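The block underneath contains the structure these notes are about, expressed in structure tokens.
Laboratory data are not the source of any read-out in this text; all were calculated from the coordinates shown. A quick note: this is a predicted structure, and the numbers were derived from the prediction, not measured. Neighbour counts are summed over all protein chains in view; Cβ atoms, including those assigned to glycine, are modelled from backbone coordinates with ideal geometry.
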């Protein structure tokens, strides 16, 4: 069964540094998402992306965050200047975009654990 | 604002006993509701969605619009059901974002 893959599985970065988290969505999926989960808290939506632009973003997704689909397979989340509070598990998800069948279930990757020192 | 509440952080159930994981939601309109499961060291997986009305691994969930609930039930717990369970909602159309509850860790006692 096709899967969403994320790299790296664990990223350790100094505060203030830039970090890029990578995701390869399922190949025929057209909607992409990033979520994060701070330790002990709920999974929170960050951003959704469709047709090469952001569809929706949360209050968390401020100017320090950006997303990109640099080629036909990768979907990246960049944090420009990391803060201690960015430490979390970051999940990528993707879904098909079949509008005549309504909402499509989102398929999640294993996540990248980001640790900011 | 949309919100999902899972009142139990932890739930322990004996093998063979019934399971009920509680979920209440708040949404202005008609949401789509989901249960996701995360087994130890595995990714979040879709368990079931209310629109498909399926029973997966013996689990069922029905929307109660009066109580705004979407409780997950299974008549007889199995050891392999031990996992983290998340209730989530989204809008009904257009591949919208998921709003998650805080999750319930279910432990099945042999």
Could you work out Rg/(2.2 N^0.38 Å) for chain A, with Rg from alpha carbons only? 1.02
Within the set A:26, A:38, A:79, GNM on chain A using Cα springs under 10 Å gives the largest fluctuation to A:38
Simple spin-label estimate for residue B:20 and residue B:105 in nanometres, 7 Å along Cα-Cβ: 2.4
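FRET efficiency for residue A:97 and residue A:20, Cβ-Cβ distance as r, R0 = 30 Å, nearest 0.05?
Working: r = 25 Å, r/R0 = 0.84.
According to the calculation, E is roughly 0.75.
Starting from 0.36 nm per residue, how many nanometres of slack lie between residue B:11 and residue B:79 once their C-alpha separation is accounted for? Let's see the in-between values first.
On the way: separation 68, 0.36 × 68 = 24.48 nm, distance 1.34 nm.
The span from residue B:11 to residue B:79 would gain 23.1 nm if fully extended.
What percent does the relative contact order of the stretch B:3-109 come to when contacts are Cα pairs within less than 8 Å and at least six residues apart? If you can, show how the numbers build up before the last one.
Values: 252 pairs, mean separation 41.9, N = 107.
Over the stretch B:3-109, the number comes to 39 percent.
May I ask you to give the average projected area over all directions of the convex hull of the Cα atoms of the stretch B:3-109, in nm² rounded to one decimal? Could the numbers behind the result be given before it?
On the way: hull surface 25.8 nm².
Answer in nm², one decimal: 6.5.
Relative contact order for chain A using alpha-carbon pairs under 8 Å, separation at least 6, rounded to a whole percent?
Values: 277 pairs, mean separation 43.9, N = 117.
The normalised contact order for chain A reaches 37 percent.
At a Förster radius of 25 Å, what calculated FRET efficiency corresponds to the Cβ-Cβ distance of residue A:55 and residue B:51, to the nearest 0.05? Can you show the working numbers first?
On the way: r = 21 Å, r/R0 = 0.83.
Calculated value: 0.75.
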Among A:46, A:84, A:30, which one moves the most in a GNM of chain A with springs linking Cα atoms closer than 10 Å? A:84
